[in-house]
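Note sheet for the following structure.
What follows is calculated from the coordinates using simple rules that are stated; it is not laboratory data. Since the structure is predicted, the reported quantities are computational estimates derived from the model, not experimental observations. In this analysis, Cβ positions are derived from the backbone assuming ideal geometry, glycine residues included, and neighbour counts consider all displayed protein chains.
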Amino acid sequence: MLKPAYEEAHAGFEEGGVPVGAAMFDSRGRVLSRGRNRRVQDNDPSAHGETDAFRKAGRQTTYRDKILVTTLAPCWYCSGLIRQFRIGTVVVGESENFAGHLDWLREAGIQVVELNDPECTELMRRFIQQSPNIWNEDIGESE
Ligand SMILES: [Zn+2]
């Protein structure tokens, strides 16, 4: 399930963007949508990987049976979206480069699966080393 999200993250990296990718799946494991962080590409600070995939999935009657896969632990903004819409399951590629707020999601009854994937970790590590300013801007830590 991590593959489409990772492909999105990698494409974002190649574009010079923040390499966070995401994909939304239905309860049968079919991909509903995929997306990636487009802050740099579209000059859009609201386009995180998770929000991009969420928007591309269009309107859904319920999110409790949906699975959101993301290459990196979600930030506050994306965690808020996950709780707001009660997305049932979140699969996290890695939380080493950014720990996110996984306990806050679990407290809300969201199932969180951590993969600790070395490819996701390495891609994000390369990006943070290469573009620390863009990364800090993305997580709201500039200045
Ligand atoms: Zn986010």
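Data overview
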item: Residues H10, H48, sorted so that the one with the fewest Cβ neighbours within 10 Å comes first; result: H10, H48
item: Dipole axis of segment 1-116 (+1 Lys, Arg; -1 Asp, Glu on Cβ), positive-most option in P4, Y63, A22; result: Y63
item: Within the chain, percent of DSSP bridges classed antiparallel, to nearest 5; result: 50
item: Options G93, P74, Q111, ranked by Cα towards positive dipole end of the chain, top entry (Cβ charges); result: Q111
item: Helix 2-14 vs. the chain, principal-axis angle (Cα, 0 to 90°, nearest 10); result: 30
item: Unit charges on C-beta of K, R, D, E only; dipole of the chain, Debye; result: 780
item: The chain: relative contact order in percent, alpha carbon pairs under 8 Å with at least 6 residues between; result: 19
item: Packing-based exposure ordering (other Cβ within 10 Å, fewest first) of S95, S27; result: S27, S95
item: Tilt relative to the chain, helix 118-130 - C-alpha long axis, 0 to 90 degrees, to 10; result: 40
item: Candidates V69, V18, V31: whichever shows maximal mean-square fluctuation once the chain is modelled as a Gaussian network with Cα springs under 10 Å; result: V31
item: Efficiency of FRET between N133 and R106 - r from beta-carbon atoms, R0 35 angstrom, step 0.05; result: 0.65
item: Size descriptor, Kirkwood hydrodynamic radius, that averages inverse alpha-carbon separations across the chain, Å; result: 14.6
item: Neighbour-count order for E122, E8, E141, fewest beta carbons within 10 angstrom listed first; result: E141, E122, E8
